[in-house]
1. State whether one or more residues within the stretch 40-63 are surrounded by 12 or more Cβ atoms within 10 Å (Cβ to Cβ), at pLDDT below 80, part of a helix (DSSP H, G or I) and within 38 Å of the chain's Cα centre (by Cα).
2. For the list (1) more than 19 Å from residue 243 (Cβ to Cβ); (2) at pLDDT 95 or above; (3) of a type in the set (A, V, I, L, M), I need the number of the one condition that residue 127 fails.
3. Every residue in the stretch 142-163 that is assigned to a loop (DSSP other than H, G, I, E, B) and crowded, with 19+ Cβ neighbours inside 10 Å, please.
4. Which number in (1) at pLDDT 90 or above; (2) hydrophobic (A, V, I, L, M, F, W, C); (3) over 18 Å from residue 248 (Cβ atoms) marks the one condition that residue 163 misses?
5. Any residue at all in the stretch 221-229 that is more than 22 Å from residue 137 (Cβ to Cβ) and either part of a helix (DSSP H, G or I) or modelled with pLDDT of 90 or more (or both)?
6. Test of understanding: among 110, 176, which residue is part of a strand (DSSP E or B) and within 27 Å of the chain's Cα centre (by Cα)?
Amino acid sequence: MFNFIRWQDVIDIIVISIIVHRLLQLLVGTRAMQLVKGLFVIGALAAGARIFDLRTLSWFLGKALGVLVIAIPIVFQPELRKMLEDLGRGGSFWQKRKVMKKAEHLSQEVARAIGYLKGQKIGALLVLERDTGLKDFWRTAIRLGAEITQETLISIFWGGNPLHDGAVILDRNSIVAAGCYLPLSENTDLSRWLGTRHRAGLGVTEVSDAISLIVSEERGEVSLAVNGHLSRNLKEPQIQKLLLHYFGGDDGESKSILDRLQEDIRTLWT
């Protein structure tokens, strides 16, 4: 049998496999991926109908596929356009892998710092800047522009450091500033047991789209503030997912980072 396989056939198989794999990677996470699954189901039904000579079912599936050939380009025009743009950029896949590798590294650095601060019951307030600029809050603070590392974050909040009482503002590339003072929340329904750090972390999310992570020195727990809402006692997997979404720059996807975070929290808490 192998005598009939040419070297050109091997190249054909390899090239087709790479193309199919690449197309599936582009479709993952989009509505079009559900379409692919549906087409596989229809294909399996069509094959079964042909094997068992189910003529009516074969006729129906043939007509359905004819309609789909016309409908698919219309319904999934945005996804198809995005897929073709990604193919045209060529190196976008490797660029995305590079971005995700950096996001994993930064999220691990911040998560480890938060884990250490939580374990030592050292109070901390980290603000993750998104689309809304936070210059009004850091321009009167200590401008750092430092690399995001576990050691730097821990040292900022260490008790002997004069910056430990203020907030640290980060963007997706660096520690922007430390010793920042933020507006306190005006929410009158907050528990009286929440101190200034929690009220400041919540307050900045009421006037911007920033995300706040608050480490309590009294209880040794981590809280999340987003869009004026506070979620307390986050677990390590939740913090890691949150940070990975943030540093991965998922804001531009069809689901916002806020939707993803809330979904992850609900999933992990249920």
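1. no
2. (1)
3. Quick first cut of the stretch 142-163, residues assigned to a loop (DSSP other than H, G, I, E, B) only: 147-149, 158-163.
Residue satisfying the conditions is 148 alone.
4. With (1) at pLDDT 90 or above; (2) hydrophobic (A, V, I, L, M, F, W, C); (3) over 18 Å from residue 248 (Cβ atoms) applied to residue 163, the lone miss is (1).
5. yes
6. Answer to the check: 176.
The values are calculated or read from the model by the stated rules, or taken from the named source; none is laboratory data. The shown structure was predicted, so the numbers you read here are calculated from the model rather than taken from an experiment. Methodologically, a virtual Cβ is constructed for each residue, glycine included, from the backbone with ideal geometry; neighbour enumeration extends over all protein chains shown.
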